[in-house]
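Take a look at the structure set out below.
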Amino acid sequence: MRLNEKRGHPAVRLARTALCTAIVFVATFFIKIPIPLGYANLGNGMILLISVFFGPGAGAVAGGVGSALADLVSFPGWTIPTLIIKALMGALCGAVADRRVKSLRTLAAVIAASAEMIFGYFVGGAILYGSVYTGALQIPGLSVEALVGIAVFFIAGAALERAGVTTRINKS
C-alpha cells in the first residue's frame, strides 16, 4: 500500500490533503524563481513529493486544486487547464512511483509526470491562444520549470527520507 493513502480516519486524510493543497498553493504562488521567458516555482516539486508520499488521490487533489487556486489569482484563463493538467500530474506520479524517493520507478514516475505537465500546457496553450506554434513556444520554459520541480523533489525528498519522515507518515 502507498504511504498512508487509505489509512487513518477520513477526517485526518481530509485535513492532510487540505494542508497539502495549501502547500502547493504557497509553493506555486509565492515562491518564484526567475528563468528565461518567465519564472519557475516550487509547486511542481511539492506535487511530486505529495504524490509519492501520500499516493495518487492526494497528489491529484493537492496538485490540481492548489495550482488552480494560484492561477485563479494570477492567470484566471489558465485555471481550468491547470486544474486538469496538475491533477493528472499528481495522479500519474502517485500511481507509478513506489514509496521511496531514491528508486528507478520513482524516477520514471517523476519524469513521466513532468512530461505530462509539459505536454498538457503545450496543448492548453495551443487551444487558449489558437495556435500550435504559440503553444510550442512554452515548451522551453516549461522544461526548465519541470527540471526545477524534479530537483526540488529529489533534494527535499532525500532530506525528508533521511530525517525519517516517511516512517512517521506510515505510522499515522
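Taken together, the values in this text are just the output of simple stated rules run on the coordinates, not laboratory data. No experiment lies behind these values; they were computed from the predicted model shown. Virtual Cβ from ideal backbone geometry, glycine too; neighbours counted across all protein chains shown.
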Of everything in the range 118-172, what is surrounded by 13 or more Cβ atoms within 10 Å (Cβ to Cβ) and of a type in the set (Phe, Trp, Tyr)? Give them in sequence order. Phe119, Tyr121, Phe122, Tyr129, Phe153, Phe154
If you go through the range 124-141 one residue at a time, how many are outside any helix (DSSP H, G or I) and within 21 Å of the chain's Cα centre (by Cα)? 1
Residue list for the range 128-140, filter: touching a residue at least 12 places away in the same chain (Cβ under 8 Å) and closer than 17 Å to Asp71 by Cα: Leu128, Gln138
